[in-house]
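The values are calculated or read from the model by the stated rules, or taken from the named source; none is laboratory data. Computed from a predicted structure; not experimentally measured. Heads up, the Cβs are rebuilt from the backbone with ideal geometry, glycines too, and the neighbour counts pull from every protein chain shown.
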Number of protein chains: 4
Amino acid sequence: MSQYKELKRSCYEANMKLPQLDLVIYTFGNVSEVDRDKGVFAIKPSGVPYELLKVDDIVICDFEDNIVEGVKRPSSDTKTHGYLYKNWKDIGGIAHTHSTYAVSWAQAQRDVPNFGTTHADHLTADIPCAPPMADHLIEQDYEYMTGKQILDCFEEKGLSHQEVQMILIGNHGPFTWGKDAEKAVYNSKILEELAKMAYITLQINPQAERLKNSLIKKHYERKHGANSYYGQV
Amino acid sequence: MSQYKELKRSCYEANMKLPQLDLVIYTFGNVSEVDRDKGVFAIKPSGVPYELLKVDDIVICDFEDNIVEGVKRPSSDTKTHGYLYKNWKDIGGIAHTHSTYAVSWAQAQRDVPNFGTTHADHLTADIPCAPPMADHLIEQDYEYMTGKQILDCFEEKGLSHQEVQMILIGNHGPFTWGKDAEKAVYNSKILEELAKMAYITLQINPQAERLKNSLIKKHYERKHGANSYYGQV
Amino acid sequence: MSQYKELKRSCYEANMKLPQLDLVIYTFGNVSEVDRDKGVFAIKPSGVPYELLKVDDIVICDFEDNIVEGVKRPSSDTKTHGYLYKNWKDIGGIAHTHSTYAVSWAQAQRDVPNFGTTHADHLTADIPCAPPMADHLIEQDYEYMTGKQILDCFEEKGLSHQEVQMILIGNHGPFTWGKDAEKAVYNSKILEELAKMAYITLQINPQAERLKNSLIKKHYERKHGANSYYGQV
Amino acid sequence: MSQYKELKRSCYEANMKLPQLDLVIYTFGNVSEVDRDKGVFAIKPSGVPYELLKVDDIVICDFEDNIVEGVKRPSSDTKTHGYLYKNWKDIGGIAHTHSTYAVSWAQAQRDVPNFGTTHADHLTADIPCAPPMADHLIEQDYEYMTGKQILDCFEEKGLSHQEVQMILIGNHGPFTWGKDAEKAVYNSKILEELAKMAYITLQINPQAERLKNSLIKKHYERKHGANSYYGQV
């Protein structure tokens, strides 16, 4: 039996949540999960519809883009996942969707403003939108460069990937991550909901202002700070 | 057997309606129900996903924020519930959600205008949006102060909590209440629908005018007045 | 056994379609169906939630607002239904909802423009929005006057109730009718969809123009004209 | 047994996907599939609700609009399908819907701009919106002329029907096609999603710019080019 059985199952289940949570249609999107000890990650095969996806279709890759186990071709976005795993050594899962509102903000090339406590419960910053990739990078290894594009954006904006677990790629769509694949999918759903709320907020009040810093801090700290009191111990 | 068995079940069932009515995702939101005779209220535990929630997870608290029964930590918003129960002695249930359209109006910091009879069937006033909490209050007991913020807003606007059973907290989201937990949840759903209709109304006609007073009175009276003739006797 | 058994069942089934078609929540809305030979109509009882509604709860009324059979109070809008049945002798069913987009146009006090063939397949005119009721009429028999308000609007705009089977009451919501209750409900769903499409159309292009007359005529005639060729013979 | 049994079943299943994918209500829409060897196509009967549709209701027609097999009248749009099959000899299926966002763009008489990679994964051009039909054509054979209208629009804009498998008819709605009926329905769903995303994009940023050519090319090529690497081999 495959030594990656559990990793594949976990990755499979996280992928299957994407259509259940209305984040993808057809073959859109992909989720991966890493096993740091074995130096590999499991990822959705390319172009397989979710209703046909099986645990054994999940592909195991190493961080140098080699297929370690699997008979299908991995997601066309595999190099982006590999790049992020290699550079952010503490993340355990990555999700990519084309969810409606997140893509719309990406197409509008706008950061999603932190308008309220629903946002601040998850991150203090605006959700960053990376500018579209420069032409000379597109001509190189596109999916690899998408990973680089994400890191460059975080560096430029001075963001921490531990706190901000989501990004929009301009004119493309969202990538999210977390301690495992399930958390990465959770962040994709949260991002979609925050993107929808921010859109409606701006339609109601085009001059809507960001949440003030004292409330951002309060909500983020009560959930994620040293003295957090949200959730169970 | 716990003397709070029935209270817990009623509170549990009201909480489970939130995801069924599309008012929450994941662990968002919480509902409580009070037992005035016993001087306690039942409330959702903090950070527990609805699909895992069980009747016995419901926590029993008194009005001074002590846990009377339960092994889980109560909702992080418990002090807000306690404050309202202590001050409004005739309410029986409270609901808090992060529903999409209600939150968007809260983030826009706008009262939801009374644009029609759907609104007037439930309340005559605009749905109030309390301004974001002052910084010196945030630094104190935040959730306790949220309760105070609600009462201050009602006092300032001259509103009755018996007639207006809902409020938006600026940049945060809605709280609703009623004679019991089920009614509080009902008011959360009504608020979300009124918020959605008002949003679309303003997109169609940015100069849309409030329902005129004669119609506000007529619709509210036929449902809630001394000579009401809506519903069964 | 009641001589109205079949009429009640037909009315019941049409009412139950309202929540199934996402046109109502809770106790909103009501549908009636007439039996011209017996001089009565069946209508939903007032304030009964759809999930509790039973065939035997349906109330039988005559055109003078007397209850002929039934133990529940009829819908608070019963006099509006009675007024329409009395004045439009060829209609067989009436539906009233508070569906989201139709109500929003009513609250915006705007006719829904005929923007395309989806609209023209059902009616050639814009969907009329009657102005809010005059104060001296509200003080009289409100629901009776709502019926009068509908007829006045049709007369003023020169519309035929045979061709235009729907109206918006300003700041209130839609009424629709048809040859039977099922058709009235069908018209409520069509109205909601046309209202949603017209809303989005205007957001994309605020200067969007009405469908030109030659196309209005073509689409209406191919479905409803003397030489119609839509549907089965 | 009918020699068209398999063709009818395939056409039936594609039609039944329209309501499942939320692209139609009631009797809206129709899908056809061609058998080039036999010189016929199968199409939905006119005005039959999807919940009543049966495999044997599907009508078989030749390219000259004669019914070859079937007891029902074929879709009122049959001549449009026939015209396209006759002129585009490499397409295998056609779908027509009145889906909400696609119809709204058609009513706004606007091409759907290529705003991002979700769009570019499927086509490089904007989704064309043909101008409403000229009056002298409406008076002729309307549905036949709709086919001509589609070809004229493609010729005028210099588009390839192999690459751009979808069109909006101004003030009417979408037609899509593909190698078979299933692919045509897929394109209808993709069009609806692209239309929704483009709508929201413009609401967030009315000055949103098209995806740049280098990214359009990259995304289209990786999925459809000679060296494509999306999907399984």
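Of note:
- Subset of the stretch D:61-83 that is touching a Cys at 6+ places or on another chain (Cβ under 9 Å) and of a type in the set (Val, Ile, Thr) - its residue that is nearest to D:His161 (Cα to Cα): D:Thr78
- Subset of the stretch D:9-62 (residues that are aromatic (Phe, Trp, Tyr) and under 25 Å from C:Leu194 (Cα atoms)): D:Tyr26, D:Phe28, D:Tyr50
- Residue in the stretch A:28-42 that is hydroxyl-bearing (Ser, Thr, Tyr) and surrounded by fewer than 24 Cβ atoms within 10 Å (Cβ to Cβ) present: no
- Qualifying position, being buried (at least 16 other Cβ atoms within 10 Å of the Cβ) and part of a strand (DSSP E or B), among C:Ile60, C:Ile25: C:Ile60
- When we screen B:Leu159, B:Leu191 for residues that are crowded, with 24+ Cβ neighbours inside 10 Å, among the hydrophobic types (A, V, I, L, M, F, W, C) and in contact with a Pro (Cβ under 7 Å, 6 or more places away or on another chain), the only hit is B:Leu191.
- Every residue from the stretch B:196-213 that is facing chain C (nearest Cβ under 7 Å) and among the small types (Gly, Ala, Ser): B:Ala208
- Some residue of the stretch D:5-17 being in a loop (DSSP other than H, G, I, E, B) and at pLDDT 95 or above: no
- Checked against (1) in contact with a Phe, Trp or Tyr (Cβ under 6 Å, 6 or more places away or on another chain); (2) among the hydrophobic types (A, V, I, L, M, F, W, C); (3) under 19 Å from D:His172 (Cα atoms), D:Ile58 meets all criteria but (3).
- Residue match in the stretch C:120-139 (condition: under 22 Å from B:Asn227 (Cβ atoms) and touching a residue at least 12 places away in the same chain (Cβ under 8 Å)): yes
- Which numbered condition A:Met145 misses (of (1) under 14 Å from A:Asp111 (Cβ atoms); (2) in contact with a Leu (Cβ under 6 Å, 6 or more places away or on another chain)): (1)
- Residue within the stretch A:186-198 that is at positive phi and small (Gly, Ala, Ser) present: no
- Residues that are part of a strand (DSSP E or B) and in contact with a helix residue (DSSP H, G or I) (Cβ under 7 Å, 6 or more places away or on another chain) were ranked within the stretch B:37-57; the one that is farthest from A:Lys223 (Cα to Cα) is B:Phe41.
- Top-ranked residue of the stretch D:187-226 - restricted to ones that are closer than 23 Å to A:Pro113 by Cα and of a type in the set (D, E, K, R), ranked as nearest to the chain's Cα centre (by Cα): D:Lys196
- Test: residue in the stretch A:29-36 that is among the acidic types (Asp, Glu), touching a residue at least 40 places away in the same chain (Cβ under 8 Å) and not in a loop (DSSP other than H, G, I, E, B): yes
- Residue match in the stretch D:84-92 (condition: assigned to a loop (DSSP other than H, G, I, E, B), within 11 Å of another protein chain (Cβ to nearest Cβ) and not polar (S, T, N, Q)): no
- In this entry, A:Asp65 passes the filter for residues that are at pLDDT below 95, closer than 22 Å to A:Gly147 by Cβ and over 15 Å from the mean Cα position of the chain (by Cα).
- A Cβ distance below 6 Å, combined with a sequence gap of six or more or placement on separate chains, defines the contacts here; from the stretch C:205-230, residues that are part of a helix (DSSP H, G or I) reach residues that are among the β-branched types (Val, Ile, Thr) in the pairs C:Ser214/D:Ile138; C:Ile216/C:Thr124; C:Lys218/D:Ile138; C:His219/C:Thr117; C:Tyr220/C:Thr124.
- The residue list B:Ala108, B:Ala14, B:Ala95, B:Ala102 contains one member that is free of Cβ contacts under 8 Å to residues at least 40 places away in the same chain, of a type in the set (Gly, Ala, Ser) and buried (at least 20 other Cβ atoms within 10 Å of the Cβ), which is B:Ala108.
- Filtered residues of the stretch C:70-81 (kept if at negative phi and either exposed (fewer than 15 other Cβ atoms within 10 Å of the Cβ) or not in a strand (DSSP E or B) (or both)): C:Val71, C:Lys72, C:Arg73, C:Ser75, C:Ser76, C:Asp77, C:Thr78, C:Lys79, C:Thr80, C:His81
- Top-ranked residue of the stretch D:1-11 - restricted to ones that are more than 15 Å from the chain's Cα centre (by Cα) and touching a residue at least 60 places away in the same chain (Cβ under 8 Å), ranked as nearest to D:Glu182 (Cα to Cα): D:Ser10
- Looking only at residues of the stretch B:214-233 that are loosely packed, with under 13 Cβ neighbours inside 10 Å and at the interface with chain C (Cβ under 9 Å from one of its Cβ atoms), we find that the one that is modelled with the lowest pLDDT is B:Val233.
- Of the helices (runs of 4 or more DSSP H) lying entirely inside the stretch A:100-183, the ones with 1 or more residues being away from chain D (no Cβ under 14 Å) are found at A:117-120, A:142-157.
- Of the residues making up the stretch C:1-42, those that are more than 14 Å from chain B (Cβ to nearest Cβ), farther than 13 Å from C:His81 by Cβ and of a type in the set (A, V, I, L, M) are C:Met1, C:Leu7, C:Met16, C:Leu18, C:Leu21.
- Residue count for the stretch D:45-68, restricted to those that are of a type in the set (Ser, Thr, Tyr) and either free of Cβ contacts under 8 Å to residues at least 12 places away in the same chain or within 12 Å of chain C (Cβ to nearest Cβ) (or both): 1
- Counting residues in the stretch D:65-72 that are within 25 Å of D:His224 (Cα to Cα) and not charged (D, E, K, R) gives zero.
- For the stretch B:18-53, the candidate set comprises residues that are in contact with a Leu (Cβ under 8 Å, 6 or more places away or on another chain) and either modelled with pLDDT under 95 or among the acidic types (Asp, Glu) (or both); within that set, the residue that is nearest to B:Pro74 (Cα to Cα) is B:Glu33.
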